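Down below is the structure, laid out as structure tokens.
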Amino acid sequence: MTRFQYTKDLNSDTQVAEVAKDPEIRPTFEKWLAGCDAAVVANSDAGSCTLYLTYNATIVERLGKPVVMMLDKEFTDCARSAMALRGVPAMRLVELPVPDISTEPDITDFIEKIIPEQVSKQLDKIIAALTTPLTPEEKNPPNQNRNYPGL
């Protein structure tokens, strides 16, 4: 198991929060992904986090690797909209009940205790999402001819 962490936030300096649109990081990401069988992305605990995490998860799908995204159930509709915007009709989602930590001054406990505990509780769902056969929609996505740099 390996890990890739993309830490750029959309801001006035970078204007980038997507691996697919980041010429500095994308080659490194693609090299990392080539050595993976699948990816698990986390954690969507707020609206903007969900949006950009979904965008970044869709590039994994578009590059031919299965992906499971963990998110707070409140943001499922946001994730599905973001998938559609990036031309991915279906992606496997697993709910991970972790509160929005974007305003927490210290997230150490979340990283070291709360999130690992919640992931452990959802491990069977994550494994099932990675190993369950593809649905017809997942096997045959509509042909998307979008001019999107994630292709």
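The values are calculated or read from the model by the stated rules, or taken from the named source; none is laboratory data. Since the structure is predicted, the reported quantities are computational estimates derived from the model, not experimental observations. Glycine gets a Cβ as well: all are built from the backbone with ideal geometry, and neighbour counts include every protein chain shown. Heavy atoms of the whole protein, side chains included, go into the accessibility calculation; ligands, DNA and RNA do not. Shrake-Rupley method; radii C 1.70, N 1.55, O 1.52, S 1.80 Å.
What distance in nm separates the two pseudo spin-label positions at E74 and T28, each 7 Å out from Cα along the beta-carbon direction?
The answer from the label model is 3.2 nm.
Roughly how many debye, to the nearest 20, is the charge dipole of the chain about its Cα centre, given +1 on each Lys and Arg Cβ, -1 on each Asp and Glu Cβ, and no other charges? The partial results should precede the final answer.
Working: 16 positive and 22 negative charges, 155 e Å.
Rounded to the nearest 20 debye, it is 740 debye.
Taking amide H positions as placed in the peptide plane 1.01 Å from N, state which residues far from R92 in sequence (5 or more) or on other chains have amide H under 5 Å from it.
Amide H neighbours of R92, under 5 Å, 5+ apart: V67, M69.
Which pairs in the list K21/K139; K65/K139; K73/K121; K21/K73 are over 19 Å apart, alpha-carbon to alpha-carbon?
K21/K139; K21/K73
Please check: in the Gaussian network model of the chain (C-alpha springs, under 10 Å), which one of T131, T50, T76 has the largest mean-square fluctuation.
Between T131, T50, T76, it is T131 that shows the largest mean-square fluctuation.
For the residue pair E117 and E137, what label-to-label distance in nm results when each label sits 7 Å from Cα along the Cα-to-beta-carbon direction?
Here the modelled spin labels are 3.4 nm apart.
As a test of the formula, what do you get for the chain when each DSSP H run with n ≥ 4 contributes -39,500 (n - 2.57) and the sum is divided by the residue count, at 222 nm and rounded to the nearest 500 deg cm²/dmol?
That calculation yields -11500 deg cm²/dmol at 222 nm.
Find the accessible area per residue for the stretch 78-142; the probe is 1.4 Å, ligands and nucleic acids are left out, and the unit is Å².
Accessible area per residue, the stretch 78-142: 65 Å².
Show me, for the stretch 102-112, the HN-Hα J-couplings you get by feeding each phi into the Karplus relation (A = 6.51, B = -1.76, C = 1.60, θ = phi - 60°), rounded to Hz, glycine and proline as x.
Once θ is set to phi - 60°, the couplings for the stretch 102-112 become 5, 9, 6, x, 9, 9, 3, 4, 5, 5, 7 Hz.
For the stretch 1-64, which chymotrypsin sites (Phe, Trp or Tyr not before Pro) are in a loop by DSSP, counting at most 11 other Cβ atoms within 10 Å?
Numbers: sites: F4, Y6, F29, W32, Y52, Y55; in loops: F4, Y6.
Answer by residue number: there is no such site.
In the chain, once you exclude exposed trypsin sites (Lys or Arg not before Pro) (DSSP loop, at most 10 other Cβ within 10 angstrom), what's the longest stretch remaining? Walk me through the intermediate numbers first.
Numbers: sites that count: R3, R146.
That would be 4-145.
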